[in-house]
1. Among the residues of the stretch 21-55 satisfying the criterion of being touching a Leu at 6+ places or on another chain (Cβ under 8 Å) and part of a loop (DSSP other than H, G, I, E, B), which is surrounded by the most Cβ atoms within 10 Å (Cβ to Cβ)?
2. Need the failing condition index for SER81 against (1) small (Gly, Ala, Ser); (2) in a strand (DSSP E or B); (3) at pLDDT below 95, just the number.
3. Quick one: in the stretch 37-59, of everything that is in contact (Cβ under 8 Å) with a residue 12 or more places away in the chain and of a type in the set (A, V, I, L, M), which residue is nearest to ILE80 (Cα to Cα)?
Amino acid sequence: MVEKKRTVDNWKKKKWYVITADPIFDGKEIAKTIAIENKSLTGRTIKKTLDSLTGNVRDSAYVITFKVDKVTGGKAETNISDMEIKPGNLKRMIRRMKSKIEDIIYVTTKDGHKLKLKLLFITGAKYSTQTRTEARNLMKATFIEEIKEKVLKEAWSEIIFQKISEKCKKKLAKLGFVNKIIISKAKLIEWWCKPW
């Protein structure tokens, strides 16, 4: 007679966890998930559109990625790991007869965190090569200067809500008509840079 093996129903061992957003969004609940133990949740990522966090439909173009950092009891707390604009929204911003100036920079916050930013400057008219170079250098210097004076939480707030972009726009206005300056992508990196 063959002895039947007992199977363990892991589902019964699992429990529900509430996943909360980064503190800049006041720890708002963003998802619920199940897991057998706390450590299996650490490192998981959740993507949410910005408008689902702010309630403002104008923020629907932005996607925020949260990474589970700490689990206490039935609550999983997250930190922001990256932010980007949806490709479709980005294409609609760019029109003919305007210059598109892009740059990728690495910046370190006041508390030692490193961020990789992709900057996009859309001009109101065509810029000469010299003016494009001047605009790129000024844009890069402004973002580095602003972020290095802020801790990570403050930096993410300025990046996500494009506050630094507005400050930079005022500085670049002296070079010609400015349409938009935005951070199209932002990523928190630890010890090395992973490709987008």
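The values are calculated or read from the model by the stated rules, or taken from the named source; none is laboratory data. This is a predicted model, so every value here is computed, not measured. Every residue, glycine among them, receives a Cβ derived from its backbone with ideal geometry; neighbour counts consider all protein chains shown.
1. ALA21
2. If we test SER81 against (1) small (Gly, Ala, Ser); (2) in a strand (DSSP E or B); (3) at pLDDT below 95, just (3) comes out false.
3. Ranking the candidates gives ILE46 first.
Yes/no per residue for (1) closer than 24 Å to ASP22 by Cα; (2) in contact (Cβ under 8 Å) with a residue 24 or more places away in the chain; (3) out of contact with any strand residue (DSSP E or B) (no Cβ under 8 Å at 6 or more places or on another chain); (4) surrounded by 14 or more Cβ atoms within 10 Å (Cβ to Cβ):
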| residue | (1), (2), (3), (4) |
| --- | --- |
| THR129 | no, no, yes, no |
| ARG136 | no, yes, no, yes |
| GLN162 | yes, no, no, yes |
| LYS174 | no, no, yes, no |
| VAL178 | no, yes, no, yes |
| ALA186 | yes, yes, no, yes |
